[in-house]
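The values are calculated or read from the model by the stated rules, or taken from the named source; none is laboratory data. Here the structure is a predicted model, which is why all the values come from computation and not from measurement. Glycine gets a Cβ as well: all are built from the backbone with ideal geometry, and neighbour counts include every protein chain shown. Just the protein is used for accessible areas: all its heavy atoms, side chains included, with ligands, DNA and RNA removed. Shrake-Rupley method; radii C 1.70, N 1.55, O 1.52, S 1.80 Å.
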Amino acid sequence: VDIAVSVLFLIAINFLMYNDSENYTNNEAGLIQLRVRKIPILLSGLTTGILLGSKGSGPLFFVVLSAMFIFNEFVRRMSPFGIVSSEHKKFSVKTIPPHLKRDRGDYQGKSSFVLYLVYFIVPAALMGGYWFIKNWVLYDNPLYPVEVSFLNFKFKGLIGGIIDPMPSVLEKLSPLSMLIYSWMERVEYYFYDSRLSGFGPVWFILLLPSVLIAIFYAIKRKNFDFLLISAISIIIFSIYPRNWNARYVVFILGLGCLSFGLALDYFKERQKTIKIITLLLVIYTFFTANSPCIMPWKIGEFVKLPAKERTIARHAPFNIDLQARQDYGLWIWISNNMSKGDTLAYTFEPLFLRPLWNRDFSNKVLYIKSENFNEWIESLKNNRATYVLIKQNSIEDKKIQEFKRLVYNTPSWLGVSKNLAERFKVVYSDENYKVLRFGY
């Protein structure tokens, strides 16, 4: 999700920065430009909406992108063509007829507001606002479960902020020192969630210096487009909580790549040497990376498996393997045995919910819990549960065992069918879990 959020952020910037150079040749350039930008602004609004609903930090990106749009429109009003690249400067404001020049300010002011409201805010709110509205209605807090305080407003939640503890090595470092420590990769191996793995040697050795060179070059060439992109990327990077955690701020690599292109342009005579150094660094990283992530041999192992067997349990990813190795048997059984129309009822909070569905998500999953055994059975019947997932030696497990003993020990002349004992038929069992076929 962190990669997705970063990519969406860069896409939103791309559409907000849209400039169609062909329209500058028209005498009504200022007016036409506003009209042709509707679709790019709409696409930016949709992209921002997906970003908004993807992660709790979405509102931060939304606010910064909105500020960027407003600033960009303000500068557009202050100049004939707004923030434009140097190649557009040949089109002078003098090419606009006097009657259009006179009305241009009022037209742009009103149109910019409508453009922002209709083509950016509305699609962003429709695409990403659902989760915040839902949380507000259900929990009186749009950012639930995080507790939020703003001025005199306080939204109650279960947690006060980021719950993961900061690595002890960073606790006494300044914000800048934290970044340098992470980027220098003083860890034994690369792992995307280790928080101290950085972005790799290409970032620290080439792309980061390129940002400084490119900003200097852009100021010299008056490349305002690049300066605005740099400003928006650096601002969001600076205010993002825990920006030393590389996976939260992957978008900064986008600025690094753009900067590297400008740096190559700046060092025209040495481009070939820089490209060779870059290639060698990439090859070095590829062959020397010490990582527990998805490596080539793991991909080869999966290619040899039938498609239906390429499940998370067989993959055994490093971080999940540390926490959920005991769940693999259950996950594989569910993947192989749950059919379309089956309903799996569970009675506890599992580590991961996704593995409770089969491979094509065709079964149903329900949380059904009750302190009263009879009420629990009624709930299973009413929800047409076909399988029940319980923990070994849980309350439900003990109640079911007691229920079975009672049925088997009841004299047959009382008319109690022994088939009742088969209402809960064990179809899967390991050290931690049981799955029972539930009969009506």
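Filtered by the rule that a residue be polar (S, T, N, Q) and surrounded by 14 or more Cβ atoms within 10 Å (Cβ to Cβ), region 243-291 gives ASN243, ASN245, SER259, THR278. When GLY30, GLY45 are checked against the criterion of being modelled with pLDDT under 85, part of a helix (DSSP H, G or I), of a type in the set (Gly, Ala, Ser) and surrounded by 19 or more Cβ atoms within 10 Å (Cβ to Cβ), a single residue qualifies: GLY30. Quick one: is TYR144 open to solvent by 60 Å² or more (accessible area, probe 1.4 Å), among the hydroxyl-bearing types (Ser, Thr, Tyr) and either within 18 Å of ALA246 (Cβ to Cβ) or in a loop (DSSP other than H, G, I, E, B) (or both)? The answer is yes for TYR144. With the condition kept exactly as written, say whether any residue in region 250-268 is in contact with a helix residue (DSSP H, G or I) (Cβ under 6 Å, 6 or more places away or on another chain), β-branched (Val, Ile, Thr) and within 25 Å of GLU188 (Cα to Cα). Yes: region 250-268 contains one or more residues that are in contact with a helix residue (DSSP H, G or I) (Cβ under 6 Å, 6 or more places away or on another chain), β-branched (Val, Ile, Thr) and within 25 Å of GLU188 (Cα to Cα).
Table: residues versus (1) within 24 Å of LYS425 (Cβ to Cβ); (2) of a type in the set (Phe, Trp, Tyr); (3) surrounded by 14 or more Cβ atoms within 10 Å (Cβ to Cβ).
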| site | (1), (2), (3) |
| --- | --- |
| MET295 | no, no, no |
| ILE299 | no, no, no |
| VAL303 | no, no, no |
| ALA324 | no, no, yes |
| ASP327 | yes, no, yes |
| THR347 | yes, no, yes |
| LEU356 | yes, no, yes |
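Among (1) touching a residue at least 40 places away in the same chain (Cβ under 8 Å); (2) open to solvent by less than 70 Å² (accessible area, probe 1.4 Å), there is one condition VAL187 misses while meeting the rest; what is its number? Single failed check for VAL187: (1).
In region 308-342, which residues are outside any helix (DSSP H, G or I) and among the β-branched types (Val, Ile, Thr)? If the condition is that a residue be outside any helix (DSSP H, G or I) and among the β-branched types (Val, Ile, Thr), then THR311 is the only one that fits.
Given the criteria under 24 Å from TRP183 (Cα atoms) and either among the acidic types (Asp, Glu) or touching a residue at least 40 places away in the same chain (Cβ under 8 Å) (or both), does ALA313 qualify? Judged against the criteria, ALA313 is not a match.
The residues of region 343-360 that are in a loop (DSSP other than H, G, I, E, B) and within 14 Å of ILE312 (Cβ to Cβ), listed by number, are PRO350, LEU351, PHE352, LEU353, TRP357, ASN358, ARG359.
Beta carbons closer than 8 Å, at least 6 apart along the sequence or on distinct chains, pair a first residue in region 329-342 that is closer than 10 Å to ALA313 by Cβ with a second that is hydrophobic (A, V, I, L, M, F, W, C) and part of a loop (DSSP other than H, G, I, E, B) for ILE334/TRP357. Only one entry in ILE232, ILE239 is closer than 30 Å to ASN72 by Cβ, open to solvent by less than 30 Å² (accessible area, probe 1.4 Å) and under 24 Å from the mean Cα position of the chain (by Cα), namely ILE232.
Quickly run through region 147-203 and pick out the residues that are of a type in the set (A, V, I, L, M, F, W, C), assigned to a loop (DSSP other than H, G, I, E, B) and closer than 30 Å to ILE133 by Cα. Result: LEU151, LEU158, ILE162, ILE163.
Here PRO317 clears all of (1) of a type outside the set (A, V, I, L, M, F, W, C); (2) under 30 Å from VAL202 (Cβ atoms); (3) more than 27 Å from the chain's Cα centre (by Cα) except the condition numbered (3).
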